There are 4 protein chains.
Amino acid sequence: MSTDNLRVAVVGAGQMGADHVRRITAKISNADVVAIVEPDQGRAAAAAALAPGAIAAASFDEALDATAIDAVIIATPGFLHEPILVTALERGLMVLCEKPLTTLAEDSLRIVELEQQHASRPVIQVGFMRRFDAGYKELLALRESGANGALLALHHAHRNPTTPPNYGEDMLIKDSVIHEIDIIPFLTGEPIMSVEVKKPRSNSLAPAGLPEPQFVLFTTESGVLAIVEISVNVQFGYQVTTEAVFESGVAYIGRETSQTVVSAGLSAQPITPSYKERFSAAYDEEVQRWVDAARGGGIDGPSAWDGYTASVVAEVAVRAQQTGALEPVEYAVTKPTFYDEVFAVAAGDRA
Amino acid sequence: MSTDNLRVAVVGAGQMGADHVRRITAKISNADVVAIVEPDQGRAAAAAALAPGAIAAASFDEALDATAIDAVIIATPGFLHEPILVTALERGLMVLCEKPLTTLAEDSLRIVELEQQHASRPVIQVGFMRRFDAGYKELLALRESGANGALLALHHAHRNPTTPPNYGEDMLIKDSVIHEIDIIPFLTGEPIMSVEVKKPRSNSLAPAGLPEPQFVLFTTESGVLAIVEISVNVQFGYQVTTEAVFESGVAYIGRETSQTVVSAGLSAQPITPSYKERFSAAYDEEVQRWVDAARGGGIDGPSAWDGYTASVVAEVAVRAQQTGALEPVEYAVTKPTFYDEVFAVAAGDRA
Amino acid sequence: MSTDNLRVAVVGAGQMGADHVRRITAKISNADVVAIVEPDQGRAAAAAALAPGAIAAASFDEALDATAIDAVIIATPGFLHEPILVTALERGLMVLCEKPLTTLAEDSLRIVELEQQHASRPVIQVGFMRRFDAGYKELLALRESGANGALLALHHAHRNPTTPPNYGEDMLIKDSVIHEIDIIPFLTGEPIMSVEVKKPRSNSLAPAGLPEPQFVLFTTESGVLAIVEISVNVQFGYQVTTEAVFESGVAYIGRETSQTVVSAGLSAQPITPSYKERFSAAYDEEVQRWVDAARGGGIDGPSAWDGYTASVVAEVAVRAQQTGALEPVEYAVTKPTFYDEVFAVAAGDRA
Amino acid sequence: MSTDNLRVAVVGAGQMGADHVRRITAKISNADVVAIVEPDQGRAAAAAALAPGAIAAASFDEALDATAIDAVIIATPGFLHEPILVTALERGLMVLCEKPLTTLAEDSLRIVELEQQHASRPVIQVGFMRRFDAGYKELLALRESGANGALLALHHAHRNPTTPPNYGEDMLIKDSVIHEIDIIPFLTGEPIMSVEVKKPRSNSLAPAGLPEPQFVLFTTESGVLAIVEISVNVQFGYQVTTEAVFESGVAYIGRETSQTVVSAGLSAQPITPSYKERFSAAYDEEVQRWVDAARGGGIDGPSAWDGYTASVVAEVAVRAQQTGALEPVEYAVTKPTFYDEVFAVAAGDRA
């Protein structure tokens, strides 16, 4: 391991955490995993085997006592994020926190406030990886270019093959649509101001009691209407597409094809089986850019503020699922100038 | 002209009427245009020049007195349809009536009742040509096959390059979305039961006072949610697409490509400039099949009942534009068995 | 039947002939089938049933004696074409002759000479239907526009699902590549000047003794290289594509898609199962335009001269199959001015 | 820098060398650039600025004296490769050598022999990056699966926007088609046994004296025919596609699309402007996998043997350009078992 490299602790060694350990060890430049924090000893050992030289610790404090750490990737279940974030801020560490920032908007707001007290500029990046997807970056660049006039509306399709056990109706929002809740402000440059949920005829392949697909209608400050179809038992694979309606043009992303095979009466392209294949390159770019920025003391992606606003919108969207009414979104505070220096990821020279 | 051929009067020699004269004269088997009814003498003469042997008449009655007529194509403005329909029914003629059947739902209902009095089976076909489009037929066949489970939702995009003068907000429904109002029951096999209209940020390229695009949300009897994006000043061409969400699959139509040209940094396919190119083959098939059916005393496409229900839904949709609320649809009568014998156009052996 | 309509005799009531009877009776304007000439009584009766009013005759002479005939469609096996062509020329009839014009180039040349003696302008059209395909018309229009500079090379793929019994190696040329032999001069505006055949590893799914696929390399007068892959046992369907290499651009046709269905891990478009679906619209346009032209005493498509040159090239290509060498093409006569007035079918206002 | 990381010297700091310095420094895990060898002081300084901690040296020997080096990337002009390869073999270094291995086949053969003397297994990897392209890996996996029967033929299109100054006719082979010369044995699993070159009408946009496009026809041991269209002044961008003809199926790669934008009458996808965008991900994967293998003392990609055979075929292809005849390919020696342990890169678990 290099003395120059970013020394990263990965907290949580479930699937996402283990993926991050593997990525930093095998694909990413200028970073080393120095500690893996995981109370489950089997998981901890498995992840440590991926990163020679990393220590395994049962708690974040134990890891901090045992080795020098520059930065932390938080990949535990969401309800455990807050204390790790607080410790990281107190210790002056750089952070990449998987979504959600915290499970409650009020907790996220507290993190936003704490970050401003402890740091002179944002140090927490939230793991909304879609901002690093080539398609979304191209779409943002197209809007910013003005080539087709103003953006008026967005059609999003977000489709998962199946749901894991215990996937409740609110997880349609909190686990899935949360990505569109982040990407809509990213694409439009505006906050979401209202949410409404429509529930069509349900998919009989979904578990009993899970009414899906659902259509979530978001409206941004200037009136852009973003309609999100969330379907989570489509069986056929994993598909995330967006159709953007501009004043004099339309753009599509997520329809990108790879090898075409003509056989048995069909001309066919494969559909990615899961989010891993669909967003693999986005994850790699997200982490490399975070490492590069963290070595300089900053972030290069969505901030804690973006994590906070996503939490606010998600809470309103869950309420809208229940009421069926158009629910307005209110933010407790206006965006602090502290977060102004963080630029969104666009397709231009920043790509 | 042949004594066996269907002797057709075309009433109205504007663009649509002239197109029908040209089509029957130049492309369609087993029919002749024998009369053109048009009060404007210039238009009448121009249309008559396309159909050697056809007489020009200033009124439908004048034409009926002058020559033997088997069938009539009604291509006048919608508010003039009703008396021609009544005369045709009284005279026992076969009818192809361009949409709308009549401008008011109550008038359409009267035509439905009159048809049942005068005829032993449906003799009026309404000119919803999309049912004859290859894509829509394939989509219907896919639903009927059950290969991907039940149909749950539909995303429709309906985009026009520009609007003619005097195109008011209600024409978004009456002139444009009226086609989806017909095609949604065709695809789902169910009536529409509610309508809601959403108005996002408006296109600055639209004429002053025309708030568009709009999103019209229809729900059918079993809960299929059909979302129609209607945009009428997109500049780039004419585009009609549908994305159908089934339980275990998704199908797209209207993205069909033709020649691809790679040049100057782009791989590009042309977009049809207007509805004429987009639905040219559908119009040809519609008219040929109507001619074939009319020679046998029947119809082969949407009936007066379909024209009536479309009028009902359109009236509710215009109300929904004004109220912003979810508006239920109510039909004054249940579907008479008289209309049961008319089958929708599917992709199978009827194609 | 109409006295104005073109009175057509169809000679040969096999699959192609029966298709023409059906087409003219059910889809084409301004023509009637008045006679069906077919020695096989069963076939003759089946075809006659499609065309009410048509007589069935065992020979062309018998039909000519029995009823008034304006035009003839020749759909017999190729080796029977010549005497029917001669009779038609002597009687002053208009002709649509399925390919080949005749089986031997020298016989085709005699027809070309006879046509010039009997008629003041071309009256024989040869059934190369690809010239009426939308893709080929667009490609010709692109070349004529000069938008991407000169045409330099063509890649053709011509794939059939399986071969019928008794399909010999020379039929790869005479039955299949014959279509490219016609379309290459159509697209380039130049005659073919040499042919060479390459035989790669053979398809084990082909009948024993049929070495296929084969690659046929044609060079035109200015040096355009056209490479034709002919594969006739691909199993998966029927596919005809062309990739045209211009100086500053590339164009593709035949990749056009229809409905896309996403299911079970694939995004798929159907492949046409046979030439009938692939070229259905081209056949319809070919016949309607021939009828329209024939009513005025002319043709509107490939002439007997095109039939002759195709026969010459096909004979050389069969020789090239045997020798493996680059074989030059020589035409016995230069193109008579008699054939100059016949224009190729392009995409512009002639479409 | 880490003591565990692979210590890499980059020899040659032109565009390709500088790209490798940037890649290893910014994107690749477990490797550091420790030395940059470049006689041009300006270039050397520019490259060194990209890699903090790397020394700049005027010669490879100077670098070896100055710092500890595990591996070398050779990115000088081809005619300078041989002495660096020899030194690397003598010093026991791991090598990634940009194509060509050497400019003459006889020199490549000497390197192959020397490698067997100095090493117990292959230590030289040649920079044919296409083997790491997702499309080519999928195509190889498809062939290996046997799903569509045997591979019979390949259509390759290789198109460059423009040529640099002093690009002679032989560079069509040596600089451009050399990639297909490597990828054809990779895809077929067989050596190339003959070459023939066809020269169609030339592109007037090419420099005077450069007759292009050209078509190079390769035949492999079992008879697979691979036709390569090489065009180097197409203006529109950079395009590399392959169409593989199997017994019962066809596969296409290189047609992959990204964002589609509909505007001004066209539905368009961008074409990559240069090889950098087209093969960016392939380069990254090539280098990361080479680093991973080199740390274990091996290679993971094309070997010196592949470099040798490519040189042999390229020499024959240049002769075929001159003679116009079908030229057989002869290899001076049979493949040593020494090279058997190196596996080709396929799409499966090795991807």
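The values are calculated or read from the model by the stated rules, or taken from the named source; none is laboratory data. Being a predicted model, the structure only gives us computed values, none of them experimental. Cβ atoms come from the backbone with ideal geometry, glycine included; neighbour counts cover every protein chain shown. Quick note on the areas: whole protein, heavy atoms, side chains included, nothing else; ligands and nucleic acids left out. Shrake-Rupley method; radii C 1.70, N 1.55, O 1.52, S 1.80 Å.
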Seminar exercise, completed: In the set A:ASP292, A:ASP300, A:ASP306, A:ASP284, the lone residue that is assigned to a loop (DSSP other than H, G, I, E, B), surrounded by 17 or more Cβ atoms within 10 Å (Cβ to Cβ) and within 21 Å of the chain's Cα centre (by Cα) is A:ASP300
For this session: Kindly indicate whether A:THR188 is β-branched (Val, Ile, Thr) and without any contact (Cβ under 8 Å) to a residue 60 or more places away in the chain.
Result: yes
Exercise. Quick check: is even one residue across the stretch B:161-180 touching a Ser or Thr at 6+ places or on another chain (Cβ under 8 Å) and open to solvent by less than 50 Å² (accessible area, probe 1.4 Å)?
Worked result: yes
Exercise. Has the stretch D:227-240 got at least one residue that is part of a helix (DSSP H, G or I) and either more than 10 Å from chain C (Cβ to nearest Cβ) or open to solvent by 20 Å² or more (accessible area, probe 1.4 Å) (or both)?
Worked result: no
Seminar exercise, completed: When B:LYS199 is run through (1) surrounded by fewer than 19 Cβ atoms within 10 Å (Cβ to Cβ); (2) over 19 Å from A:VAL216 (Cα atoms); (3) of a type outside the set (S, T, N, Q), the failure sits at (2)
Problem set entry | Those residues of the stretch C:144-171 which are closer than 21 Å to C:ALA244 by Cα, assigned to a loop (DSSP other than H, G, I, E, B) and at the interface with chain D (Cβ under 10 Å from one of its Cβ atoms), in sequence order | C:ASN148, C:GLY149, C:ALA150
Problem set entry | Qualifying position, being in a loop (DSSP other than H, G, I, E, B) and at pLDDT 95 or above, among A:THR87, A:THR102 | A:THR102
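Answer yes or no as to whether D:ALA58 is under 19 Å from D:TRP290 (Cβ atoms) and either open to solvent by 20 Å² or more (accessible area, probe 1.4 Å) or within 14 Å of chain A (Cβ to nearest Cβ) (or both). Spell out the reasoning first.
Numbers: under 19 Å from D:TRP290 (Cβ atoms): no; either open to solvent by 20 Å² or more (accessible area, probe 1.4 Å) or within 14 Å of chain A (Cβ to nearest Cβ) (or both): yes.
So D:ALA58 fails the test.
Considering each residue of the stretch A:71-92, count those that are under 21 Å from A:PHE338 (Cα atoms) and open to solvent by 10 Å² or more (accessible area, probe 1.4 Å), and give that number. Talk me through it step by step, then tell me what you get.
Residues of the stretch A:71-92 that are under 21 Å from A:PHE338 (Cα atoms), as a first pass: A:71, A:82, A:85-92.
Filter again for open to solvent by 10 Å² or more (accessible area, probe 1.4 Å), leaving A:82, A:86-87, A:90-92.
Final tally of qualifying residues: 6.
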For this session: State whether one or more residues within the stretch B:25-34 are in contact (Cβ under 8 Å) with a residue 24 or more places away in the chain and away from every other protein chain (no Cβ under 14 Å).
Result: no
For this session: Identify the residue in the stretch A:315-339 that is part of a helix (DSSP H, G or I) and charged (D, E, K, R) and, among all such residues, is least open to solvent (accessible area, probe 1.4 Å).
Result: A:GLU315
For this session: Report yes if D:ALA344 is of a type outside the set (Val, Ile, Thr), modelled with pLDDT of 95 or more and in contact with a Lys or Arg (Cβ under 8 Å, 6 or more places away or on another chain), otherwise no.
Result: no
Exercise. Out of the residues in the stretch A:253-277 that are within 7 Å of chain D (Cβ to nearest Cβ) and of a type in the set (A, V, I, L, M), which is farthest from A:TYR136 (Cα to Cα)?
Worked result: A:VAL262
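Going by the conditions given, is A:GLN125 among the polar types (S, T, N, Q), crowded, with 23+ Cβ neighbours inside 10 Å and touching a Pro at 6+ places or on another chain (Cβ under 7 Å)?
In short, yes.
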For this session: Please work out which one of (1) in contact with a strand residue (DSSP E or B) (Cβ under 7 Å, 6 or more places away or on another chain); (2) modelled with pLDDT of 95 or more; (3) open to solvent by less than 20 Å² (accessible area, probe 1.4 Å) is the condition B:ALA68 fails and give its number.
Result: (3)
For this session: Hey, could you check the stretch A:189-212 for residues that are in a loop (DSSP other than H, G, I, E, B) and basic (Lys, Arg) and say which is farthest from the other protein chains (Cβ to nearest Cβ)?
Result: A:LYS199
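Rundown of residues vs (1) of a type in the set (S, T, N, Q); (2) open to solvent by 10 Å² or more (accessible area, probe 1.4 Å); (3) under 20 Å from C:ARG289 (Cα atoms); (4) part of a loop (DSSP other than H, G, I, E, B), yes/no style:
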site	(1), (2), (3), (4)
C:GLY17	no, no, yes, no
C:ARG22	no, yes, yes, no
C:ILE28	no, no, yes, yes
C:VAL34	no, yes, yes, no
C:PRO39	no, yes, no, yes
C:ALA45	no, yes, no, no
C:ALA48	no, yes, no, no
C:GLY53	no, yes, no, yes
C:ALA63	no, no, no, no
Seminar exercise, completed: Flagged in the stretch C:213-225 as open to solvent by less than 10 Å² (accessible area, probe 1.4 Å) and more than 9 Å from chain D (Cβ to nearest Cβ), in numbering order, are C:GLN214, C:VAL216, C:PHE218
Problem set entry | Subset of the stretch C:242-270 (residues that are within 21 Å of A:VAL261 (Cβ to Cβ), open to solvent by less than 30 Å² (accessible area, probe 1.4 Å) and assigned to a loop (DSSP other than H, G, I, E, B)) | C:GLY254, C:GLN259, C:GLY265
Exercise. Within the stretch D:107-116, is there a residue that is modelled with pLDDT of 95 or more, surrounded by 20 or more Cβ atoms within 10 Å (Cβ to Cβ) and either in a loop (DSSP other than H, G, I, E, B) or β-branched (Val, Ile, Thr) (or both)?
Worked result: yes
Seminar exercise, completed: Selection from the stretch B:51-70 of residues under 24 Å from the mean Cα position of the chain (by Cα) and closer than 29 Å to B:MET171 by Cβ yields B:PHE60
For this session: Could you tell me whether any residue of the stretch A:35-46 is more than 18 Å from A:VAL287 (Cα to Cα) and within 14 Å of chain D (Cβ to nearest Cβ)?
Result: no
Seminar exercise, completed: Within the stretch B:241-252, residues being within 18 Å of A:VAL228 (Cβ to Cβ) and either more than 7 Å from every other protein chain (Cβ to nearest Cβ) or among the acidic types (Asp, Glu) (or both) number 2
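Okay, residues lined up against (1) closer than 30 Å to C:LEU89 by Cα; (2) assigned by TED's automatic domain parsing to the domain that holds C:TYR331; (3) modelled with pLDDT of 95 or more:
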| site | (1), (2), (3) |
| --- | --- |
| C:THR219 | no, no, yes |
| C:THR260 | no, no, no |
| C:GLN269 | no, no, no |
| C:TYR275 | no, no, no |
| C:TRP305 | yes, yes, yes |
